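The values are calculated or read from the model by the stated rules, or taken from the named source; none is laboratory data. Since this is a predicted model, take the numbers as computed values, not measurements. Heads up: the accessible areas ignore ligands, DNA and RNA and are worked out on the full protein's heavy atoms, side chains in. Shrake-Rupley method; radii C 1.70, N 1.55, O 1.52, S 1.80 Å.
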Amino acid sequence: MRYIAIATLTAVLAAAATIGSASAAPPWQGYSITYFDSAGEVVGGATANCGGQYLSWGEHTDVFEKRTWFCD
C-alpha cells in the first residue's frame, strides 16, 4: 500500500511540474516559441517574458523553434 501511495504522489508531482513549466519561464529566463506547419509556415507562437507574463497565439504544432534569453 505504501508503494502505491509513493508512486501516486510521484506521478502527481511530475504532472504538476510539467504543467507549470509549460506556461511560465524561470525568474531568470524568458523564452519565445514559434510553431510551424508541415510546409514551414508560421502558424502560432508563445512568449514567457522576464516579468512572468505568458502570451500564446495561433496553433501549437509538433514542429517548433524555441529561443531563450537571460533576464537582467
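Observations on the structure shown:
- Karplus-derived HN-Hα couplings along region 40-55 (A = 6.51, B = -1.76, C = 1.60, θ = phi - 60°), whole Hz, x at Gly and Pro: x, 7, 5, 10, x, x, 8, 9, 10, 8, 5, x, x, 7, 10, 10
- Solvent exposure of region 26-70, expressed per residue, is 69 Å² of accessible area, with all protein chains present and a 1.4 angstrom probe.
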